[in-house]
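Asker: Before I ask anything, here is the structure I am working with.
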Amino acid sequence: MVSYRTHLTVLEQTAARCPLSPAFRIPRVDPVTQAILDWDVVTYGQFWQDVERFARYWTEKLTADGVVTRSIVGLWIGGTTYVDAVHIYSIARAGYIPQYFSLRLPNPDIIFELLEKSNGRALIYDASYAVVPGQTPLPTYTAVDARTQPAAEASLPPNTGSSDGDDTLMIFHTSGSTSGRPKLVPVSYSWWDFALTKIHEHMKPQRAHNGRQDVTVWMGSMCHFGQSFMLAGMIQHGSCTVQFTQQGFSSDELVDMFHRCGLTRMNIFPTFLAEHLRNSRHNPKLLALLQGLDQILISGLTLSPEDEEWIHSNGIRLVNCYGNTEVGSMLVTPVSSLDTRTTNSVHALTPVPGSKYLFVPVDGDAESTDAEASYANANAQLLELIVTAESPDCPDRSLRHADGDYHTGDLFLEVAPGQYVYRGRNDDWIKSENSLRCDTKAIEDNVLSTCADLVAACIVTGNGRASPALFVEPADAGADHERLRRDILRRIRPFHARRYMHERIVSTQFILVVPAGTLPRTATKGNIRRRAVEEAFKTELDRVYGVAH
């Protein structure tokens, strides 16, 4: 009988194998100056003990209110601290199915709607969030640090994984919302077991360190798939994860991680890496530290051509990992290319071993740019990546296409046999600065339906930005622009109140009015070209988002 692994079985094994090895380095910050005084060590033995202690605490609390094991329990926490990680692991260790929410969901009503959809039985939430006890449809609990509470005596189920691969282990959500709410992404035991195999390979230490431990930095919220995936890989190798003070941590903090934590690799979203690359252009010591890393793994977005050239010309070892919440990692930079300095070593990706994908030609009036044309040849054709039902990482059936496969909607060019270059999406999504998706078409449709008398045409931009921006061509050429922005914002506000934080337009500053006919359009169909708008109005967008030059 097959027993499927989990992050918990892996953690217990690592804690037994190397209990004294650092699992985390946690910044101890001066409350007045905010300076980092030291990086405290949490060992693997301590991490496992804390998971067990928290699991007993939550077992006692939840069972007292009639919440039985295998019930779905919502976790609405930031997901960027050690205690958050312990809460996340401990709910599963207690035998419950955690459903993760992050602070980017602005309205508790949506949390309870999603819990109702999953048949959730309780909610644990960060004390800073807007939940009013006694006025909720489910039992709610503050996510307290169980180390400060009396030790609970509750017994825990065996930490043996599951023999039924179809059982649900945990539930994530898509990072973009549809019809005002994200989709549930149930994760089964068999799916997660294959994910552990994939991330074991991605997080494998690349070079000998004379006995030194492999050390990386936290990537994002544990309530999103990416960081949960990365941490599970680091645990398998007994490696250490450094907790940042904030996701967009400074280059000074990064240097401190090198010197006091022994950083050997980075997992980071391209938007945040770009800041360190920019600083390395005039900071030789920072550049040398980046060059000394075994690898920098990026995911979710692409780097700018300027940053790619800087990485290429300075011998920085970059691994690009293409993936999403529904499937996990799908394509990665071949490790063999890390020390070769060809253009394709930055771009070309290969499918992860053990997967079963199709690359299917797509038809359509795809717009192209000079940069894209540089990859074209007489036989070049855009291909959509499809995850077949037979692939062990094909997501839950609720997320699949009618044909039983999962259609990613992402397009690629095959630049060499089995090597692919990402060429964007075939739908109307963009990705924010930390790789969370945003449904631009839903925003545009709402503007056109609520502001039909005010707006003749519109387009939403914001790829790689913190939030979307709306470009509008007014219906009345003589309209006062400031008043028009206020009127549009007032009408679309109810729609945006129900969306993720990174999908919301909450200020007139993010509504840009341009003369009729100004927005670039395709020659054949007259569709407004999102990418061309972002390029043509880059200066204006940089000013809106406060980007320094």
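The values are calculated or read from the model by the stated rules, or taken from the named source; none is laboratory data. These numbers come from a predicted model, not from an experiment. We place every Cβ from the backbone using ideal geometry, glycine too, and count neighbours over all the protein chains shown. Only protein heavy atoms, including side chains, enter the accessible area calculation; ligands, DNA and RNA are left aside. Shrake-Rupley method; radii C 1.70, N 1.55, O 1.52, S 1.80 Å.
Asker: Yes or no: the range 156-171 includes at least one residue that is at pLDDT 95 or above, under 21 Å from the mean Cα position of the chain (by Cα) and more than 15 Å from Leu399 (Cα to Cα).
Answerer: yes
Asker: Out of curiosity, is Glu308 under 22 Å from the mean Cα position of the chain (by Cα) and at pLDDT 95 or above?
Answerer: no
Asker: Can I ask one more? Would you mention how many residues in the range 18-61 are of a type in the set (D, E, K, R) and under 18 Å from Cys240 (Cα atoms)?
Answerer: Of the residues in that region, 5 qualify.
Asker: Checking Arg486 against (1) under 26 Å from Leu301 (Cα atoms); (2) touching a helix residue (DSSP H, G or I) at 6+ places or on another chain (Cβ under 9 Å); (3) of a type outside the set (S, T, N, Q), which single condition isn't satisfied?
Answerer: Every condition holds for Arg486 apart from (1).
Asker: Considering every residue within the range 117-130, establish whether at least one is of a type outside the set (Phe, Trp, Tyr), surrounded by 17 or more Cβ atoms within 10 Å (Cβ to Cβ), touching a Pro at 6+ places or on another chain (Cβ under 7 Å) and under 18 Å from His224 (Cβ atoms).
Answerer: No: the range 117-130 contains no residue that is of a type outside the set (Phe, Trp, Tyr), surrounded by 17 or more Cβ atoms within 10 Å (Cβ to Cβ), touching a Pro at 6+ places or on another chain (Cβ under 7 Å) and under 18 Å from His224 (Cβ atoms).
Asker: Given the conditions (1) free of Cβ contacts under 8 Å to residues at least 24 places away in the same chain; (2) under 27 Å from Thr245 (Cβ atoms), which single one is not true for Ala64?
Answerer: (2)
Asker: Taking the range 336-359, which residues are surrounded by fewer than 21 Cβ atoms within 10 Å (Cβ to Cβ), at pLDDT 95 or above and not small (Gly, Ala, Ser)?
Answerer: Answer for the range 336-359, where residues must be surrounded by fewer than 21 Cβ atoms within 10 Å (Cβ to Cβ), at pLDDT 95 or above and not small (Gly, Ala, Ser): Thr350, Pro351, Pro353, Lys356, Leu358, Phe359.
Asker: I've got another one for you. Filter the range 497-549 down to residues that are at pLDDT 90 or above, among the aromatic types (Phe, Trp, Tyr) and assigned to a loop (DSSP other than H, G, I, E, B), then give me how many there are.
Answerer: Looking only at that region, the number is 1.
Asker: Right, something else. Say we look at the range 439-474 and pick out the residues that are in a loop (DSSP other than H, G, I, E, B) and over 15 Å from Tyr500 (Cβ atoms); which of these is most open to solvent (accessible area, probe 1.4 Å)?
Answerer: Ranking the candidates gives Asp453 first.
Asker: Quick one: which residue in Val242, Val255 is assigned by the TED database to the domain that holds Asp84 and surrounded by fewer than 18 Cβ atoms within 10 Å (Cβ to Cβ)?
Answerer: Val255
Asker: Still on this structure: Which residues, taken from the range 71-102, are of a type in the set (Gly, Ala, Ser) and open to solvent by 10 Å² or more (accessible area, probe 1.4 Å)?
Answerer: Within the range 71-102, Ser71, Gly78, Ala92, Gly95 qualify.
Asker: Shifting gears a bit: For the range 47-157, please list each of the strands (runs of 3 or more DSSP E) lying entirely inside it that holds at least 1 residues being out of contact with any Phe, Trp or Tyr (no Cβ under 6 Å at 6 or more places or on another chain), of a type outside the set (Ser, Thr, Tyr) and under 25 Å from Ala23 (Cβ atoms).
Answerer: 97-101
Asker: Out of the range 392-421, which residues are outside any strand (DSSP E or B), under 28 Å from Asp193 (Cβ atoms) and of a type outside the set (A, V, I, L, M, F, W, C)?
Answerer: Answer for the range 392-421, where residues must be outside any strand (DSSP E or B), under 28 Å from Asp193 (Cβ atoms) and of a type outside the set (A, V, I, L, M, F, W, C): Pro392, Asp393, Pro395, Asp396, Arg397, Ser398, Arg400, His401, Asp403, Gly404, Asp405, Gly418.
Asker: Quick check on this structure: which one of Gln247, Gln295, Gln243 is in contact (Cβ under 8 Å) with a residue 60 or more places away in the chain and under 24 Å from Ser355 (Cβ atoms)?
Answerer: Gln295
Asker: Take the residues in the range 391-437 that are aliphatic (A, V, I, L, M) and at pLDDT 95 or above; name whichever of them is surrounded by the fewest Cβ atoms within 10 Å (Cβ to Cβ).
Answerer: Ala402
Asker: Residues Val73, Val2: which one is free of Cβ contacts under 8 Å to residues at least 60 places away in the same chain and in contact with a helix residue (DSSP H, G or I) (Cβ under 9 Å, 6 or more places away or on another chain)?
Answerer: Just a single option satisfies the conditions, and that option is Val73.
Asker: Test Arg531 against the criterion of being surrounded by fewer than 18 Cβ atoms within 10 Å (Cβ to Cβ), closer than 21 Å to Leu436 by Cα and either assigned by the TED database to the domain that holds Ala442 or among the acidic types (Asp, Glu) (or both), and give yes or no.
Answerer: Judged against the criteria, Arg531 is a match.
Asker: Would you check if there is a residue in the range 482-491 being touching a Phe, Trp or Tyr at 6+ places or on another chain (Cβ under 6 Å) and crowded, with 20+ Cβ neighbours inside 10 Å?
Answerer: no
Asker: From the residues in the range 438-465 that are over 20 Å from the mean Cα position of the chain (by Cα) and not hydrophobic (A, V, I, L, M, F, W, C), which one is modelled with the lowest pLDDT?
Answerer: This residue is Lys441.
Asker: Could you check Phe495 against (1) out of contact with any strand residue (DSSP E or B) (no Cβ under 9 Å at 6 or more places or on another chain); (2) surrounded by fewer than 18 Cβ atoms within 10 Å (Cβ to Cβ); (3) not charged (D, E, K, R) and say which number it fails?
Answerer: (2)
Asker: Also, I was wondering about something else. If Gly180 satisfies every condition in (1) within 29 Å of Ala130 (Cα to Cα); (2) surrounded by fewer than 20 Cβ atoms within 10 Å (Cβ to Cβ); (3) at pLDDT 95 or above but one, which is the exception?
Answerer: (3)
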